[in-house]
Structures are given as structure tokens and as C-alpha cells.
Amino acid sequence: MAGGTSALREILPLWSAAPFAGMLLCVAALPLAAPRFWHNHFAKVAAFWALLALIPMLALFGKAAYYEFMRTILKSYIPFIILLGSIYFISGGILITGTPKATPAINTAMLLAGTALASVMGTIGAAMLIVRPLVRANKHRKHGALAMIFFIFLAANVGGAVTPLGDPPLFLGFLAGVPFFWTLKVLPQMAFATAALLLVFFLLDWRNHKNELPVSGGPVTRDTLPIRIKGAYNLIFILGIMGAVLLSGSLNIGSVNVIGIPVTGEALLRDGLILVMLALSAFFTPVSIRDENEFTWYPLKEVAVLFAAIFITMAPCLDILSAGPKGHLGFIMAGLNGPRHYFWAVGILSSLLDNAPAYLAFLHSALGVFYPGQSGASAVSMLIRGHPAYLKAISAGSVFFGAFTYIGNAPNFLVRSISEEAGIDMPGFFGYLFKYSLPVLVPLYLIITFVFF
Amino acid sequence: MPDSMKIKKLLFATRFHDMALNRLKSLFPLAAAGMEEIVLCHIIRREDVGFVPFGGYMKEEELRQRNEALIRFEDWQAAISAAGLRSKSVVEVGEAVPSIISVLHREEAQLMVIGRKKAGRMERALAGSDTMELLRRTPVATLVCGYHEDGQTEGQQEGWQLFNLPLLATDFSNASEKALSFLAGLKGAVKKTAVVHIISDPARYEELREETADKLEKYSSVLQQTGIQADYHLGAGESPWEAILEKAEEINATMIIAASTRKDRLHEFFLGSVSHRLAEHSSLPVLLVPD
């Protein structure tokens, strides 16, 4: 398991990765094949795969397996959920009222604002903050879906590429030892992608706006209500979270044993401070703001359940990948040559499954290739010094390609659901893929591949 | 005592529990106390129709659930009409608590009736429940219908006489006076009641007995002046809500009425609240009157 002994990595059988494969297959296939079943029973499916990973490993490797699973839960899963949940909750305390005019320029400005906010308050926070005014502005337009689709591309994905708070995979990278500000190295790719997408959006929206007939007899762009922001002080708590994460990266205050697993004091301090920010937000924000934002814990509940199973089932798989060519998944690494391959491989996996496990899988693959048998912060540090282009490719690929499908990143389907509920005619899964993400994102990512990798 | 409070409109929020119709019928005697209209309300939880990774927002599922609710409400409205009352149905998609509160404000109802799902200790500690959240936020009197520990429900059987013998639990606070005036406003529906006070320091029972009995006597006489026959009972117990439940069982009360002071979640977590404990643990319906 991630960080497990070298010997264990090399002898872990291939079947130990089967529950992870099964879990990912379910995440990818069941929502499409049986949406209602998945919606009602995803927790049971997740529990099934998690137990299938846990029981044989505990039976075969006993305490060593227990130690590694608990380590994954305490050091990766819990901090991940605390961060994601806190950002999500605090963002829900900021309410933007009013209805902006849905002109191409204003829509573009709103997409830019969402993109800029994504790296500060996370893609999920930025998406939840901006989606409702954007929906209100565009729901009367015939082609209102266009703004929402580019919003998914930008605010819900690409915008999150430059800090560990931006997108879940990058926070997992931070937990694995990637320095907080290192992700800023992806800024050129992110800025390029943002500029290109905004330009394409503006041109398409301008054309639509010019040709659009009103949906129901009114003007194409309705009268507006002035924009007002309530609960803006929650941004202070978001900055507090950023400070807590930064602080944890710069301190070294020893470790304490939590149910037999050593956890660093700085990690505990970070998680404690993040929870304090959450509590402060709950205390200072009137309930009515979250009501008006239609805040619900449900999406986070789904993420928490699925990721518990993903983290558990992923542990043996990451160990095998870390073993490099000697491990049973050495054939995967043999097929990956250079950062370009990593950019697309992690990207394809991110778009079909979820970008967080995809990021970890390919980070461990790269570590396995260059530093077989080693993992943890020291190996990540060596990768950054020796082969930074690989980590850039993995970071950019996992974040950018999350935009490819509705399931690539959690905010995607939230934006879709909120837009559809408001009456915007969003494309279906394949419509989104074939009409928008393939024609727009594939050429863009090809250009990024050749220019930057 | 404040002027007695009249119920003209009642909001009946339901998730279509098996016994919900019986619960609704048990409220019809309120017509004799001046109630004119019942608003039936069902909230389709957003998470049941939205946030589906591949499905997005399931409009057809929403329509299915909406139609199902409206069809059920049609039957219920026929029963309400037969009882000589007006009715209206509201079906919305949203988060349960804010949506119900929003309907409550919009309809200007004076009484809300809700069910309480039996939650495990862990669930209560971690997430609370919609019922408790509603009780914290409601601005109007709220009747909560609870569950027996074995899963059986009381106050929901066919023919249950909800208003036969309400027990008014009082601590003589201003909030309790408001509960008293609310009960007085139920004359017509309520013929007989029992007023109960629990001395929370049993060691001082003898010392406080006489003074407390006088206060109870005053409460009873207020009710009797409005035409409601009232007995009073004095009890003692370190846990007032448990003592109230015991007393309710002892006198065969059909519901419990108590005042509810607005406490936030933190206050309630650390210090508890007698009224909310009653609502949480009672197998009898509990009517809480906010201060």
C-alpha cells in the first residue's frame, strides 16, 4: 500500500488491484446503465468493493495490511474530506443575488470570475458561488446551455489547476509531498487554456446572441436586477483554510500516535484549523443565506462515501504501481513514454472516472518508473527535482480533463443538475461529449501538449 | 396571560408515512376551535431527483413524484372537505427544512404538523434530523408525531382522540404562559386537560410543593375560565422530560403541550432542551409552542 514496504509492493498480486478496478468500473458504468439504482444504492456498492479489498488483504497480510489501510484513511482520506467539506460549506455561506444581463461580455466576465476564484475556493466552491447568477441570467436564452457548458470547462475544472485548494487531485498531491506553491508552475498551461476557452466562448455566444430569437416573446436579454453579495466575510474563512494548509507545509512539530498510526502534528493542526474555519462560518453566517443558496450536504455525502471506497481499494493498486517495472503493473509504465503520454493517460482516466484517483495512480506510476520501490514525500521531492515535467503533465492532465464528461469532476454534474432544474436545456452525457468537449477540448489539449509538454 | 391564540390555518407537512392520513383525521376536531383551512405540503427532496452524475436533473422523476403526491392529496382533500374544512395542496422540490419554513411563511399558517422519523443515536449526533431542525427554526406552534421504541406509533391509529386529554407541561416561564394561551385557544376541540410541573431538584420537593401547587392552580383556573376542565399534577425528577413522559403515561394523556424556547444547535448540544427532548423521545404527539 502506498508507502508500504518495498518487499510487499513487489509481491502484491495483481488481483489485489481488482476491487479498485471494480469500483472504478461501477463509478463509470452504473450511473449510465442504471442511474436510479446507482442513485439509491451507491453506498452499498462502494461498501462491497471496499470490503472485497479489505478482507483478503487483512487475512493475508494481517497487521501490515491494517496499518497501511489505516494510514491511508488517516493521512489521506480524512484530510481530503475535511478540506473539501469545509470549502464546500463555507462557499455555501456566500450568496450572490440579482440577475446580470446575459450579454456575451458579461457572461465571459462571469466565467472569468469563476475561473479565477476556483484556485482560491476550489472548483466546487467557485462553481456553487457563480452558478446560480449565471443560470438566472441565461435561463431565458435559447442557447443558455452554452454558458453553463463553458462554465463547467472553466470554473469547475481548468480554473482549479494552480493551487492545492483548487482541485481535489492537487490537494492529494500536496498531502503526498508536493509543495503548496509548486502547482503554480502549471499557471502558463492554465492561463493558455483559460484564454483560449474564453475566446471560443465569447465568439460562439456573440454569434448566438446576435441570431437568437427570444424564447417567450421577451427580449433576448432580460432586464436585470443589481448584483448583491451577502456573506462575503466567508472569504476570510476560505483564506484561513489556505493559511492553515500553507502553515502545515512549513512546520515540523513532530508526530502523535492516533490508533497506532503516527500522524504529524502539523497535519492535525491543519485539519483542526480548517474545522475551526468551518465552525466560524457556521456561527457567523445566517441560516437564511445557505437556504437561499439551496445548500445541501448531499453531493458531499456522495463524494465522502465513494472516496472512502476509492481510497481503500486504491491502496494496493498504488503500491503495485510504486514498485515500478518490478511490480505486476509494470506493463502500464512500459507503455508510457514522456510527459505527453502522462498528460493524456491521466487525462483520459480523469474524464471517465474521477480525477483524484487518476492523479494518484499516475503519480505513483511516475514514481515507480523513476524511483522504483520508493514512495512518500522524499520520492515526490526527487521527482520534482529530477523530472518536473512529468508532475506538471499529471497535474494539468488530471485537472483539465475533468471537464471532458459530466462525471470527470464533482462540480460538473452539480452545475448540470442546477441548470436543468432551472429549465436550461443541457445536453445529455453523449451530447456534451460529442458536441462540446471533443470538438473544443481535444484540439485545445493537443495544442497544449505540443506547446508545453 | 397573553390573549388566547387562534388557529385558522394549519400546515400539514408529510412524507406519506403509512399512518399519515389517520394523523390528519385526528386533527379535524380543531374545526371546533376555529380552524378553517388545512394546507397539505409535500417536499420532494432535491437529492431524490437531482445531482445524478449521468442523469443530471431527472425532470420525469420529479413529475412522477409530484403527480403521485397530488393524487394522494386529492383523496385527503376529499376527507378534509367532508369534515367541513377548506384545503390546499403544495408540492415543491427543495431541501426539506427551508422549503417547509418558506411554505409556512407564505401560507401564514398558525400551526404546523410534522412527523418524526426515528433516528439512531449516531444519526442524531452527527446530522440531527429534519424534525429537530424544523423545531429550532419554526416561528409557529408545531405538533410532532413521534414513534414508540418498538416502531409502533401512537396518536396515529384510526380514531385516535388527539385532543381528549392533552397534558400541558409548564415551568411557569413567559414561554409557558404562551403555551397556556395556545391551549386556551383550543377550546372547543379540547374539553379536558392536565397541567403538570416537574420539580427538577427532588430534594426540594417539600419546600417548593405548596408554592408550586398555587401556581398550578392559577394555570388550571385560567383554563377553566375558558371552559376547559383542568386538573393539575406535581412531579419531581432530575430529568424533567423523562418525568413528564412518565406522568403522561400515568394519566393516559393523548398528547403533550410544552413551550419551546429558541435555542441554537450549540446551546442544545451542550445544555439540552426539555421541549426538544420531549419531541425526540415521546411516543405521544408533542405540541411545542415557540416563545
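Derivation of every value follows stated rules applied to the coordinates shown; laboratory data play no part. Note that the coordinates shown come from a computational prediction; the quantities given were computed from them, not determined experimentally. In this analysis, Cβ positions are derived from the backbone assuming ideal geometry, glycine residues included, and neighbour counts consider all displayed protein chains.
Given segment A:275-382, what whole percent of its Cα pairs are spread farther than 18 Å? Before the final figure, lay out each step's value.
Details: 3546 of 5778 pairs.
Pairs farther apart than 18 Å: 61 percent.
Tell me the GluC sites (Glu not before Pro) within segment B:201-265 that lie in a loop according to DSSP and have at most 16 other beta-carbon atoms within 10 Å.
Details: sites: B:206, B:207, B:210, B:211, B:217, B:238, B:242, B:246, B:249, B:250; in loops: B:238.
Those that pass, being in a loop and sparsely packed, are B:238.
Counting each DSSP H run of 4 or more residues in chain A as -39500 (n - 2.57), what helix-only mean residue ellipticity at 222 nm follows after dividing by all residues, to the nearest 500 deg cm²/dmol?
Details: 19 runs with 303 residues, N = 453.
Value at 222 nm, helices only: -22000 deg cm²/dmol.
Compute the distance in nm between two label points, each set 7 Å from the Cα along the Cα-to-Cβ direction, one at residue B:242 and one at residue A:64.
5.1 nm
Pick out, from A:405, A:383, A:417, the residue whose Cα sits farthest towards the positive end of the charge dipole of segment A:326-446, with +1 on the Cβ of Lys and Arg and -1 on the Cβ of Asp and Glu.
Checking the options against the dipole of segment A:326-446, the answer is A:383.
Mind checking the angle between helix A:442-452 and chain A's longest principal axis? C-alpha axes, 0 to 90 degrees, to the nearest 10.
60 degrees
Dipole size in debye (nearest 20) for segment A:109-250 around its Cα centre, Lys and Arg Cβ +1, Asp and Glu Cβ -1? Numbers along the way, then the final one.
Details: 11 positive and 4 negative charges, 91 e Å.
Dipole magnitude for segment A:109-250 comes out near 440 debye.
Partner chain Cβ atoms within 10 Å, averaged over the residues of A:412-421 - can you pull that number for me? Don't jump to the answer; show the numbers that get you there.
Values: counts 2, 8, 4, 1, 8, 11, 5, 2, 6, 11.
If you average over the peptide's residues, the count of other-chain Cβ atoms is 6.
From the residues A:297, A:285, A:114, which one has its Cα farthest along the dipole of the protein assembly as shown in the positive direction, the dipole being from +1 and -1 charges on Cβ of Lys/Arg and Asp/Glu about the Cα centre?
The residue sitting farthest along the positive end of the dipole is A:114.
Cα-based Rg (one decimal) and Dmax (whole number) for segment B:9-290, in Å?
Every Cα atom of segment B:9-290 included, Rg and Dmax give 19.5, 69 Å.
Using θ = phi - 60° and the Karplus relation 6.51 cos²θ - 1.76 cosθ + 1.60, list the HN-Hα couplings for segment A:171-176 in order, rounded to whole Hz, with x at every Gly or Pro.
3J(HN,Hα) across segment A:171-176, in whole Hz: 5, 5, x, 4, 5, 7.
Which order do the peptides A:330-338, A:387-395, A:249-257 take when ranked by the mean count of other beta-carbon atoms within 10 Å per residue, highest first?
On the way: A:330-338: 13.6, A:387-395: 22.9, A:249-257: 11.4.
Averaged packing, sorted descending, gives the order A:387-395, A:330-338, A:249-257.
Ratio of alpha-carbon Rg to the 2.2 N^0.38 Å globular estimate for segment A:1-158, to two decimals, please. Intermediate values should be presented prior to the final figure.
Working: Rg = 21.4 Å, N = 158, 2.2 N^0.38 = 15.1 Å.
Ratio of Rg to 2.2 N^0.38 Å for segment A:1-158: 1.42.
Could you work out the mean count of beta carbons from other protein chains within 10 Å of each residue's beta carbon in A:35-41?
On the way: counts 7, 4, 0, 4, 11, 1, 0.
Mean partner shielding for this stretch: 4.
For segment B:167-226, run through the trypsin sites (Lys or Arg not before Pro) and keep only the ones in DSSP coil with at most 16 other Cβ atoms within 10 Å of their Cβ. If you can, show how the numbers build up before the last one.
On the way: sites: B:178, B:187, B:191, B:192, B:204, B:209, B:215, B:218; in loops: B:191.
The qualifying sites are B:191.
For a footprinting-style exposure proxy, rank A:445, A:77 by other Cβ within 10 Å, fewest first.
On the way: A:445 21, A:77 18.
Final ranking by Cβ density, sparse to dense: A:77, A:445.
At a temperature of 25 °C and a viscosity of 0.890 mPa s, determine how fast chain A diffuses translationally according to Stokes-Einstein, using the Kirkwood radius over alpha-carbon pairs as Rh; express D in µm²/s, rounded to the nearest whole number.
On the way: Rh = 22.4 Å.
Using the Kirkwood radius from Cα pairs, D works out to 110 µm²/s.
For B:44-51, what's the mean count of beta carbons from other chains sitting within 10 Å of each residue's beta carbon? List each step's numbers first, then the result.
Numbers: counts 0, 2, 6, 8, 3, 3, 12, 12.
For peptide B:44-51, the averaged partner shielding equals 6.
How far apart, in nanometres, would the label points at residue A:382 and residue A:43 be if each is projected 7 angstrom from Cα along the Cα-to-Cβ direction?
4.3 nm
Starting from the amide H of residue B:233, placed 1.01 Å from N in the peptide plane, find each other amide H under 5 Å away whose residue is 5 or more places distant or on another chain.
For residue B:233, the qualifying residues are B:195, B:196, B:197.
Along the positive direction of the dipole of segment B:9-290 (beta-carbon charges: Lys, Arg +1; Asp, Glu -1; about the Cα centre), which of B:113, B:14, B:91 reaches farthest?
Highest projection toward the positive end goes to B:91.
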